[in-house]
Every structure is written in structure tokens, then in C-alpha cells.
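Q: Please see the structure below; I have some questions.
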Amino acid sequence: MTNTVFSISSQNTVSPNDIVLRVEHLKVYYATPLGDVRAVDDVSFDVYQGEILGLVGESGCGKTTTAMAILRLVQPPGRIVDGHIWLDGTDVVSLSERELRRFRWEKISLIPQGAMNSLNPVLRVSEQIRDVIEDHEGRQPRKALKERILELLHMVGLPSRVYDMYPHELSGGMKQRVCIAMAIALNPTLIIADEPTSALDVVVQRVVGETLLRVKEQLGISMILIGHDMGLMAQLADRVAVMYAGHLVEIAPVRQLFKTPQHPYTQLLIEAIPSIKERKPLKLTEGLTHDLRNPPQGCIFQSRCPHVMERCRIHPPSLQEVSPKHRVACYLYEEC
Ligand SMILES: Nc1ncnc2c1ncn2[C@@H]1O[C@H](COP(=O)(O)OP(=O)(O)OP(=O)(O)O)[C@@H](O)[C@H]1O
Ligand SMILES: [Mg+2]
């Protein structure tokens, strides 16, 4: 498309045959005195081997809650109300606490929102990575362990001197790359990165983005990349899933999503990307996201949709394939 200031990832070569994560009809609600907040309401998607799936949508639409459910880290008053999560053949929802301790880091790891602030300020970088490895694999020979940690640091583009440094001696981008090194330390099947670049300046964002791409390409680790930055998604993601108010409204290979967005919400998101080629007024959407405790009957986007029809107010549309690998939940593309 012409009005974007970024290039779109062209490595969309992933085969859908290798599904590493399957999320089916996931519902996660938070109990409040005024009723349940339906933060994630019947969400289904797959993640393929070696791909980056971008998860986008406005603040409060349920991205982090989806991630926390996949890690089984939803805290009260939140709870998984319904649905299945399969990672590499493991039924995640039924894992015991003891099994979960192994599952996290070994099968799946998280780079949380604001990850760089999660480093322990009184431990050297090497000690923090060592703890992750030894917690899961037991005590390791010192020399081999040091080599392994240095290799991890080099993989994320950090020099050997970082090994002995404390977090306060590192820049934001370096700390974020230490978090990525920890996330890959046990070679998990899937990494969930929750807004990994949002607190960084644009140059450092690019470095961190390139680090994530390198990890994906060299180690073949699959990723869910959560964020608001559509430019970053265009550069890094193989496919993009769009959430609105707890629902998945569209999912497509990155090129298709940017070139032919189908859902009216996705179209608005993409039209809102600033352009350096043409000056255009910012297109605004009337209205607010409705209260997640009282979702409307019918389509979740009806109150803000410029194309709303009578049937949108009666039944919610389900995700339908509009072209290969491109699915959208909208009656505009469904036969009556
Ligand atoms: N502890 C809680 N109690 C009640 N509601 C909650 C709680 N935590 C989250 N929510 C609600 O769940 C919804 C989804 O929140 P979530 O943090 O998953 O959104 P998000 O898409 O990650 O947003 P952001 O882009 O701002 O990080 C929001 O409406 C939020 O207010
Ligand atoms: Mg979030």
C-alpha cells in the first residue's frame, strides 16, 4: 500500500501444517461487583511452527489477558471460564501447578509488558540467566555454563562484557535483549512478547525487533508478538490477528492484512497509520468501546461500525475464510 512508512515482511513462508499452539473458544473473565468483565470472549486461533503471529488491538481489548491464559498466569479475580489451549500436544488448561513450573520457560516463555524492569537489580546478568537454566536443569559445570550464557548474549547481539554487568549499567534496549536471552535460554517452543519495544526509542526499537527476528530465524522459535505499533507488525509478523473488545475479528498473513483489510475495525486501524508521502486528516471513529461487562447482542463492533446492518444487531458473526488463510468475522462477507 502507498500510505505507509514501513516495508512489509516478506518471509511469509510458514506452512499451516505445523501447528504449535491451538487456542479454541477461549473465554477469560474478571469478576467484579458489577458483573464479569469479559476480557477474552470466545477467541480461537493457531500459531504455526517458526512464525511470528502479531496480536494487535486497542488498549483493553484483551491481548495481555489472552497471553496470560496461554501461560496459565491469569490471577484472581480473573479466571479461564471455558476453552482449550494446546501447546505442542500438551493440554495447557489441565496442567497441575507442578507441571506448570516445568512447562513455563521450557515450553513457553514470556517477555512481559515492561520486561526490562523485571530484571533483579542486585544480580549480575550472568547470575539471572544462570538461575533460569539451573532452576530447570539442575547445577551445571561452571565452564560450560559460562559458554552457554555467553552464546545466548551473542545470539541477542550483546557483547561478552554484559556477562558481568548489573541491570543499572545497561541501556533500555540492552536490558530488553537480556530479557530475550532469558526467554530463549531453555529453547522453548513458543515465546510471547508483550509490547517488547513500547518503552524504547525508535532506533532501539528497530534493534530489538531485529533481535526477535534473528531468534525466530536461527532457532525456529514461534512467537506471539503483542503490540499497538502496526509498523513494527508489518516488519516482523508473518500473520496478524486483530482483537476488538475481547473478540478476534480478523486474522490474515501480514501482506494480505495490510493490503486488503476486510473488517471495518482493521480498516480503521490501518487508515490511522501516519504517512510521510501524503498529508491526510486523521480518520476518527465515533463512540467508545462498550462496557465489557455488558457486551451487545450481535456483533461486538456494531456501535462504531460505519457499515452496520440490521443482522449485525441480532447474532454475532463468526470467523469465516474470505481467501486462503484470511479469516474475518463480519457479515459484509457472508451470504445472507
Ligand atoms: N484485575 C482485573 N479486574 C477487572 N478487569 C480487568 C482486570 N485486569 C484486566 N481487566 C480488564 O480486562 C480487559 C482486557 O485487559 P488486557 O490487559 O488484557 O488488555 P490489553 O489488550 O493487553 O490492553 P493494553 O494494550 O492496554 O495492554 C480490560 O477491559 C481490562 O480493564
Ligand atoms: Mg496489555
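Q: Return the pairs, sorted by first residue and then second, in which the second residue is part of a helix (DSSP H, G or I) and hydroxyl-bearing (Ser, Thr, Tyr), the first residue lies in segment 171-184 and is touching a residue at least 12 places away in the same chain (Cβ under 8 Å), the beta carbons are less than 6 Å apart, and the residues are 6+ apart or on different chains.
A: Correct list of pairs: ARG177/THR211; ILE180/THR211.
Q: Just one of GLU151, GLU147, GLU127 is free of Cβ contacts under 8 Å to residues at least 12 places away in the same chain and surrounded by 13 or more Cβ atoms within 10 Å (Cβ to Cβ); which is it?
A: Testing whether each residue is free of Cβ contacts under 8 Å to residues at least 12 places away in the same chain and surrounded by 13 or more Cβ atoms within 10 Å (Cβ to Cβ) leaves just GLU127.
Q: Also, I was wondering about something else. Going through segment 58-74 one residue at a time, which ones are more than 11 Å from ligand 2 (Cβ to nearest atom) and β-branched (Val, Ile, Thr)?
A: Scanning segment 58-74 gives ILE70, VAL74.
Q: Now a separate question. Give segment 75-113 a look and list any residue that's surrounded by 14 or more Cβ atoms within 10 Å (Cβ to Cβ) and within 16 Å of ligand 2 (Cβ to nearest atom), or say none.
A: Scanning segment 75-113 gives GLY78, LEU110, ILE111, PRO112, GLN113.
Q: Moving on. In this structure, is ILE149 modelled with pLDDT of 95 or more and hydrophobic (A, V, I, L, M, F, W, C)?
A: So ILE149 fits the description; yes.
Q: Cβ-Cβ under 6 Å, sequence separation 6+ or interchain: first residue in segment 204-230 and at pLDDT 95 or above, partner among the acidic types (Asp, Glu) and more than 16 Å from ligand 2 (Cβ to nearest atom). Which pairs?
A: So the pair list comes out as SER222/GLU51.
Q: Here is a further query. Give the residues of segment 230-246 that are farther than 13 Å from THR65 by Cα and out of contact with any helix residue (DSSP H, G or I) (no Cβ under 8 Å at 6 or more places or on another chain), sorted by residue number.
A: Listed by number, the residues that qualify are GLY231, ALA241.
Q: Another question, then. Hey, any hits in segment 315-327 for a residue that's modelled with pLDDT of 90 or more, under 27 Å from ALA31 (Cβ atoms) and in contact with a Phe, Trp or Tyr (Cβ under 6 Å, 6 or more places away or on another chain)?
A: no
Q: Then there's this: Can you confirm whether segment 110-126 contains a residue that is in contact with a His (Cβ under 9 Å, 6 or more places away or on another chain) and more than 16 Å from ligand 1 (Cβ to nearest atom)?
A: So far as segment 110-126 goes, yes, one or more of its residues are in contact with a His (Cβ under 9 Å, 6 or more places away or on another chain) and more than 16 Å from ligand 1 (Cβ to nearest atom).
Q: Restricting to segment 46-85, count the residues that are in a loop (DSSP other than H, G, I, E, B), in contact (Cβ under 8 Å) with a residue 40 or more places away in the chain, away from ligand 1 (no atom under 12 Å from the Cβ) and closer than 21 Å to GLU97 by Cα.
A: Residues that pass the stated criteria total 1.
Q: Before we move on, is PRO306 under 20 Å from THR65 (Cβ atoms), out of contact with any Asp or Glu (no Cβ under 8 Å at 6 or more places or on another chain) and more than 16 Å from ligand 1 (Cβ to nearest atom)?
A: Here the answer is no, as PRO306 does not meet what is asked.
The values are calculated or read from the model by the stated rules, or taken from the named source; none is laboratory data. Keep in mind that this is a model prediction, so the values were computed, not measured. Methodologically, a virtual Cβ is constructed for each residue, glycine included, from the backbone with ideal geometry; neighbour enumeration extends over all protein chains shown.
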